[in-house]
Amino acid sequence: MRLTREEVMHVARLARLAFTDEEVDKFGAQLSAILDHAARVSEVAADDVPPTSHALPLVNVFRDDVVGDCLPQEKALSTAPDVEDGRFKVPRIIEGA
Amino acid sequence: MSELWQLDATEIARAIKAGESSATEVVEAHIARIEALEPEIHAFITPTPDLARRQANAVDAAKARGETLGPLAGVPIALKDVLCTDGVRTTAGSKILENYIPPYDATIVTMLRRAGMPFLGKTNQDEFAMGSSTENSAFGVTHNPWDLARVPGGSSGGSAAAVAAGLGPVSLGTDTGGSIRQPAALCGVVGVKPTYGRVSRYGLIAFASSLDQIGPFGRTVRDAAAVLQLISGYDPMDSTSARAPVPDYVASIDHGVEGLRVGVVREGMGEGTQPGVKARVDEAAARFAGMGCSVDEVSLPSFDIALSAYYLIAPAECSSNLARYDGVRYGFRVEDAKDVVDMNTRSRGRFGDEVKRRIMLGTYALSAGYYDAYYGKAQKVRTLVIRDFEEAYKRFDFLICPTTPTTAFKIGEKADDPLAMYLSDLFTIPSNLAGAAAISLPCGLGEDELPVGIQVLGPPLSEELLFRAAYALEQSLEPLPRPPVWESP
């Protein structure tokens, strides 16, 4: 199969990645080759085989609902690119707000 | 008399306890060794000599006060740069985390600090552990100590090369599809991929959360066992960590293999595997037979298709995990973004090509209309891989298989062909999909007089048995020669 330029650009938008025209061609060709190889999974995976999402059969691992130690606010914010009044600061999200 | 940097971890620990060497002397010997060889090897992204000196000093002070030292107190260790270290830059090999200084320690880092193991530095790796050569590091390639023109393997290539070159006796890496075992094989050292859940992942920068596992490198099986012993166990901070008790791997390591049933994986011995690699694995099988094991061939039909499933599952999980690099809480953010989507998108431009490729692949495989055909089918293959192993372990106690189809390849040889690079993980991926344990150890030299790695594979939580098997094989083989850099300078 061959991914179209539109498909590559659509997936890039979903993933919040930006590509130049050249990169769209390069990645499109590489992804198509990898997907051809990967598509072989459909040849062996019969309908009656259940899927495995995780090697361990764990379901809903809970801890007791008690307050424990956590990072102090200033440490949690210490790695942020921009901070104001003890909060993460980001550019405008909503138009006209 | 060996130089201090030439000693194995077990010998160093003994020498410090006996008062023959101080932890400070041991650390200084390694710092000098790193300074001399780093220009050639480039095993480290961030060496931490001052931290190592402080930690060694604390061990010496504790000994002077008469305190009882832990089993590996004073033994220096190198850490892959995906493991968060409080106050020490942790990049994951990525420009997006170039200036990231974690505000906390990974659980295993806390364990190593308490054990009194000085940290030599953060080792080089493929970006976010995605790769098989360290060529995807944003901070330059690591060179194989056996031949500087060749890759050390990856993604934990820096940790493997450091141990092989005598820059540290032991190190830690992570293995999502072979990223400990493959570089261990290519650098001629021991590497352990523990059972999924055996070692806490808290503070490990995530790649594919259902596959990632932390494990040790060493120059001997015993050293690797001693390190795994220290970092294993349940952690309430990792909901997937195993509650199973941790056996004493070192105590039972020399209990032998007589009477055990060994399966040689047929799919590992096909046309794609170099003749020199197959010859060493055949010889290893003969050694096991000579030690009283029954040896027979076993087929794991899903071995080949596991690679295809892996290259859907791992990218799918990666595309989700790496969504966190959005320029908000940590990592790189572009200046002058016009809105938040622009900021997200342009900040993520800092990812390297392989990371972008896998995010794209995973996003595609999970997107509407393709989920069932790709990700859903890959999950079914994962079931088939687990079933194949379960069938095999009805007849065999453990399996053996080459770790990699070839010895170390040249830097640049596969850099422009992602699919060819992926094939070097063909024999390591099934253990990750099954959540099982595996050890790679050297078993002689193959093509181009380079090391060959053999895997011993077992079911989940079989580490104790696998260490026994690996130790028995190691003792029965001629010791591997040292790489050319061993004598210099």
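The values are calculated or read from the model by the stated rules, or taken from the named source; none is laboratory data. Computed from a predicted model, the values in this text were never measured in an experiment. So basically every Cβ, Gly included, is an ideal-geometry build from the backbone, and we count neighbours across all protein chains shown.
Within the group A:Ala39, A:Ala29, A:Ala18, A:Ala45, which residue is closer than 17 Å to B:Lys356 by Cβ and either over 19 Å from the mean Cα position of the chain (by Cα) or more than 9 Å from chain B (Cβ to nearest Cβ) (or both)?
After ruling out the rest, the residue left standing is A:Ala29.
Exactly one condition in (1) within 28 Å of the chain's Cα centre (by Cα); (2) within 12 Å of chain A (Cβ to nearest Cβ); (3) among the acidic types (Asp, Glu) is not met by B:Asp397; state its number.
The failed condition is (2).
Just for the stretch B:1-54: of the residues that are part of a loop (DSSP other than H, G, I, E, B), over 24 Å from B:Asn144 (Cβ atoms) and aliphatic (A, V, I, L, M), which one is modelled with the highest pLDDT?
Among those that are part of a loop (DSSP other than H, G, I, E, B), over 24 Å from B:Asn144 (Cβ atoms) and aliphatic (A, V, I, L, M), it is B:Ala18.
With (1) surrounded by fewer than 24 Cβ atoms within 10 Å (Cβ to Cβ); (2) away from every other protein chain (no Cβ under 11 Å) as the list, and B:Gly376 as the residue in question, which single condition is left unmet?
All conditions are met except number (2).
Whether any residue in the stretch B:73-84 is surrounded by fewer than 17 Cβ atoms within 10 Å (Cβ to Cβ) and assigned by TED's automatic domain parsing to the domain that holds B:Arg150 is what I want to check.
No, that holds for no residue.
In this structure, does B:Val26 turn out to be at negative phi, over 21 Å from the mean Cα position of the chain (by Cα) and away from chain A (no Cβ under 14 Å)?
yes
Which one is nearest to B:Pro315 (Cα to Cα) among residues in the stretch B:328-383 that are in contact (Cβ under 8 Å) with a residue 40 or more places away in the chain and of a type in the set (Phe, Trp, Tyr)?
Filtering first and then ranking leaves B:Tyr375.
Could you say which residue among B:Ala62, B:Ala29 is surrounded by fewer than 18 Cβ atoms within 10 Å (Cβ to Cβ), small (Gly, Ala, Ser) and in the same structural domain as B:Ala78 (by TED's automatic domain parsing)?
Checking each option against the conditions leaves just B:Ala62.
What are the pairs with Cβ atoms under 6 angstrom where one residue, in the stretch B:35-56, is outside the structural domain of B:Pro76 (by TED's automatic domain parsing) and the other, located anywhere, is surrounded by 15 or more Cβ atoms within 10 Å (Cβ to Cβ)? Sequence gap at least six, or different chains.
Pairs that qualify, where the first residue is outside the structural domain of B:Pro76 (by TED's automatic domain parsing) and the partner is surrounded by 15 or more Cβ atoms within 10 Å (Cβ to Cβ): there are none.
For B:Tyr325, indicate whether it is hydroxyl-bearing (Ser, Thr, Tyr), touching a residue at least 12 places away in the same chain (Cβ under 8 Å), facing chain A (nearest Cβ under 8 Å) and more than 18 Å from A:Leu3 (Cα to Cα).
no
For the list (1) away from chain A (no Cβ under 14 Å); (2) surrounded by fewer than 22 Cβ atoms within 10 Å (Cβ to Cβ); (3) polar (S, T, N, Q), I need the number of the one condition that B:Asn99 fails.
Condition (1) is where B:Asn99 drops out.
Please list, ordered by residue number, the helices (runs of 4 or more DSSP H) wholly in the stretch A:9-93 having 2 or more residues that are touching a Pro at 6+ places or on another chain (Cβ under 8 Å) and over 30 Å from B:Gly435 (Cα atoms).
A:73-76
I need a count of the residues in the stretch B:438-488 that are surrounded by fewer than 20 Cβ atoms within 10 Å (Cβ to Cβ), in contact with a Cys (Cβ under 7 Å, 6 or more places away or on another chain) and outside any loop (DSSP other than H, G, I, E, B).
Residues meeting the conditions: 0.
Return the residues of the stretch A:2-53 that are of a type in the set (A, V, I, L, M, F, W, C) and within 17 Å of B:Ala368 (Cβ to Cβ); say none if nothing qualifies.
Within the stretch A:2-53, A:Leu3, A:Val8, A:Met9, A:Val11, A:Ala12, A:Leu14, A:Ala15, A:Leu35 qualify.
Picking from B:Asp248, B:Asp235, which residue would you name as being surrounded by fewer than 18 Cβ atoms within 10 Å (Cβ to Cβ) and in the same structural domain as B:Gly158 (by TED's automatic domain parsing)?
Result: B:Asp248 is the single residue among B:Asp248, B:Asp235 that is surrounded by fewer than 18 Cβ atoms within 10 Å (Cβ to Cβ) and in the same structural domain as B:Gly158 (by TED's automatic domain parsing).
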